[in-house]
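All remarks here apply to the structure that follows.
The values are calculated or read from the model by the stated rules, or taken from the named source; none is laboratory data. From a predicted model like this one, the values you see are computed outputs, not experimental measurements. When we count neighbours, we look across all protein chains shown, and the Cβ atoms used for this are built from the backbone with ideal geometry, even at glycine.
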Amino acid sequence: MLGTKGRMTQVFDEAGVVRAATVITAGPLTVTQVKTDEKDGYKALQVGFGARKESSVSQPQRGHLKDLPLVRHMAEYAPEGDAKRGDIIDVSIFAPGDVVAVSAISKGKGFQGVVKRHGFHGGPRSHGQKNKERAPGSIGGGGRAGGRVVKGMRMGGRMGGERVTVKHLHVLQVDVATNTLIISGAVPGRPGTLVEIRG
């Protein structure tokens, strides 16, 4: 299932325990193509999510989506059942208590140092240390690898903006009328980020 991340909230379970949760507007998905071994070389179900203006859709895509809604996002999944082009998939495929994994692009944090990016402890806060508390320290030296920075060295750099998957989240509530899922815990990305929910 594809959806967009919304706000975070709190949900009380049957035992009265409060749980942090994320509201996700999920689907409905439209089946845009059923790929087969004979025609495409592999089996897959192509689905579309979201809506776009006709003026922002290319002519080939308009032809591909003829007599279907103009979708914003497309994805392919292994086929299940006997779905056919034009079928609608909604949040009713989930039920409270289901365990899911959610993937999305995480928030971009820009250039960050080693303390934030890799969890380095930094230097000591004593003995006259003044301006090197969050510095990375020595990175090895000339004795190793010919005096160069070896690949994979943990240093400062761009952080975030990567695909992140959070597993073992629970579906707490399903609202078919509003295409809304409430999932336990935090989900990667900012509000409005495209998320992928897998059972």
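The numbered conditions (1) modelled with pLDDT of 90 or more; (2) not in a helix (DSSP H, G or I) are all true for ALA83 except (1). When GLY48 is tested against (1) in a loop (DSSP other than H, G, I, E, B); (2) closer than 25 Å to THR178 by Cβ; (3) of a type outside the set (A, V, I, L, M), exactly one condition is not met: (1). Taking the conditions (1) free of Cβ contacts under 8 Å to residues at least 12 places away in the same chain; (2) surrounded by 15 or more Cβ atoms within 10 Å (Cβ to Cβ) in turn, THR36 satisfies each one other than (2).
Selection of segment 158-199 for residues being surrounded by 14 or more Cβ atoms within 10 Å (Cβ to Cβ), under 15 Å from the mean Cα position of the chain (by Cα) and under 11 Å from LYS107 (Cα atoms) yields GLY160, VAL164, VAL187, PRO188, GLY189, THR193.
Among the residues of segment 115-141, those that are over 17 Å from MET159 (Cβ atoms) and not small (Gly, Ala, Ser) comprise HIS121, PRO124, ARG125, HIS127, GLN129, LYS130, ASN131, LYS132, GLU133, ILE139.
Which residue pairs have Cβ atoms under 8 Å apart, sit 6 or more places apart or on different chains, and have a first residue in segment 58-78 that is outside any loop (DSSP other than H, G, I, E, B) and a second that is charged (D, E, K, R) and surrounded by 14 or more Cβ atoms within 10 Å (Cβ to Cβ)? Matching pairs, first to second residue: ALA75/GLU196; GLU76/LYS35. Pairs meeting the criteria (first residue in segment 155-174 and touching a residue at least 40 places away in the same chain (Cβ under 8 Å) and more than 29 Å from HIS121 (Cβ to Cβ), second residue among the basic types (Lys, Arg) and assigned to a strand (DSSP E or B), beta carbons under 8 Å, at least 6 apart or on different chains) are LEU172/ARG19.
Of the residues making up segment 9-61, just one is in contact with a Gly (Cβ under 7 Å, 6 or more places away or on another chain) and at positive phi, namely GLY27.
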